[in-house]
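The structure's right below; bear with me while I get my questions together.
Read the figures in this text as sums done on the coordinates, not as results from a lab. Given the structure is predicted, the values throughout are model-derived calculations rather than measurements. Glycine gets a Cβ as well: all are built from the backbone with ideal geometry, and neighbour counts include every protein chain shown.
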Protein chains: 2
Amino acid sequence: MSRQLTAKGHSTRARIIEGAAAVLRELGVAVVTLEDIMARTRTSKSQLFHYFPAGKDELLLAVAQFEADRVLDDQQPHLGRLDSWAAWQRWRDAVIERYEKQGDQCPLGALFFQVGRSTPGARAIVVELLRRWQESLAEGIRALQAAGRLPAEVNVEQRSAALLAAVQGGVIILQTTGEIHHLRAALDQALADLRGGAEQRVRG
Amino acid sequence: MSRQLTAKGHSTRARIIEGAAAVLRELGVAVVTLEDIMARTRTSKSQLFHYFPAGKDELLLAVAQFEADRVLDDQQPHLGRLDSWAAWQRWRDAVIERYEKQGDQCPLGALFFQVGRSTPGARAIVVELLRRWQESLAEGIRALQAAGRLPAEVNVEQRSAALLAAVQGGVIILQTTGEIHHLRAALDQALADLRGGAEQRVRG
DNA sequence: CATAGTCTGGACTGACCGGTCCATTCCAGG
DNA sequence: CCTGGAATGGACCGGTCAGTCCAGACTATG
């Protein structure tokens, strides 16, 4: 990281990250070169190394963080307010829509596979993202419990972990096959089971 | 593909694929070079191009097919005989064990990201793998129905799709975080829900 | 307006790596 | 045992690309 950045510097740095993210989504991390990023962001090589002294890896890591932040942001405000079945449904719709739009581009997953194994930082970004994601889901389940819509015996930890896995699995299948069907099935089934289990308990 | 392969030729070709698969699992597809594969398999560059005339991509594709075949094989015989709850549990154990052993190496996923977007063949391999995988799960659910352990109204298609997504999600989380917890939670929850829904129906 | 530090341009380099080529050895069939 | 095709070894090539370097422009601050 550079020591001193002027306002102009900050905006250039941000422009590089956003442009790099865009070109990464289009071309894929395996193919992308610094030249591609330079062309897209209208910067020179010396600028790239000025703002990311450690080179390509540091830049890719910054892009990974940028993309990771977007993942949860794109699910708001629904993800942060899962206190009714209707809210869960809205969240489900938001997830479907977001990934339907994104299609088979996997900015974060691809980034992870590229930088991942080598750089510990990349793994940390993804781990933190998943942790916060699951925590939001767990919070939502607890909110349902608090509202009396789910029995207290529901295993929040296992439910939220399974829910997160369902989403991840649906997404990865979308990205490999191009079909959103599995994501939809996984989400609908998981929510139906969550609700079904509740009704079963409530009635019994 | 070469025209004529002697017995020796076949064994060398197989040796290359297996060695390449091993070194790919260790180093990751983004880093691996032909030199690495040559060193591991004790072959020369001319051999690589003799057996895979189209070069690195063709070799990686062959490795992808090799790995894809292993995925389902490793779940047998359980995956092919899901006709009782005990059988499903044995399958679940086999999956957990297989991926626990594999850890955070993702031979197939990584391969897909490398060759995937560019080569249509790679996507076809993964699509076919997922299709057969889900079909086996659907078959298992139908077997439970036939045995009277699940009501006929169970949506086989959605259940099997969600089940596949659960496994995939658990695996991808294992590979990014190194923790097998989510895979376990996803499988256990999915099976519990499948069974729970059944009991609910049977009792009601 | 002086100047020091930031910002930008772009030529250059050096290493790496996929792929080619030719020479040599091996081996199966006649 | 001859011979043609398969199998192998390894030198060499050419392109690519991350990273370096220096020169010059811009700008904030005193």
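How large are Rg and Dmax for the stretch B:23-98 when calculated on the C-alpha trace, in angstrom?
17.5, 53
For the residue pair residue B:45 and residue B:26, what label-to-label distance in nm results when each label sits 7 Å from Cα along the Cα-to-beta-carbon direction?
Going from the residue B:45 label point to the residue B:26 one covers 2.2 nm.
Using a 7 Å offset from Cα along the direction of the beta-carbon, what are the separations from residue A:100 to the same position in each other copy, nm, ascending?
4.0
What does the convex hull of the Cα atoms of the protein assembly as shown come to per residue, in Å³, rounded to a whole number?
Convex hull volume per residue, Cα atoms: 154 Å³.
Which percent of Cα pairs goes in each bin when the distances of the stretch B:7-53 are cut into 10 angstrom slices starting at zero?
The calculated distribution, bin by bin, is 30, 57, 13, 0.
Can I ask one more? Between copies, how far apart are the residue A:6 label points? List them in nm, one decimal, shortest first, with each point 7 Å from Cα toward Cβ, please?
Once sorted, the set of distances for residue A:6 reads 7.2 nm.
At 7 Å along Cα-to-Cβ for each site, give me the label-to-label distance between residue B:15 and residue A:152 in nm.
So the label points at residue B:15 and residue A:152 sit 6.7 nm apart.
Find out how many positive minus negative residues lie around residue A:79, taking Lys and Arg as positive, Asp and Glu as negative, among other residues whose Cβ is under 15 Å from that of residue A:79.
Overall, the nearby charge balance is 0.
Assign one of three labels to the stretch A:104-183, namely rounded, prolate or oblate, based on the Cα gyration tensor with a ≥ b ≥ c the square roots of its eigenvalues; rounded applies when a/c is under 1.5, prolate when it is not and a/b is larger than b/c, and oblate otherwise.
Because a/c hits 1.5 or more and a/b fails to exceed b/c, the stretch A:104-183 counts as oblate.
Shielding of B:181-188 by partners, i.e. mean partner chain Cβ atoms within 10 Å per residue?
Averaged over the peptide's residues, the number is 6.
Related question: Considering chain B, what Rg and Dmax in Å follow from its alpha-carbon atoms?
Over chain B's Cα set, Rg and Dmax evaluate to 19.9, 69 Å.
Say each of residue A:34 and residue A:101 gets a label point 7 Å from the Cα, pointing the same way as Cα to Cβ; how far apart are those two points in nm?
Going by the 7 Å Cα→Cβ label model, 3.3 nm.
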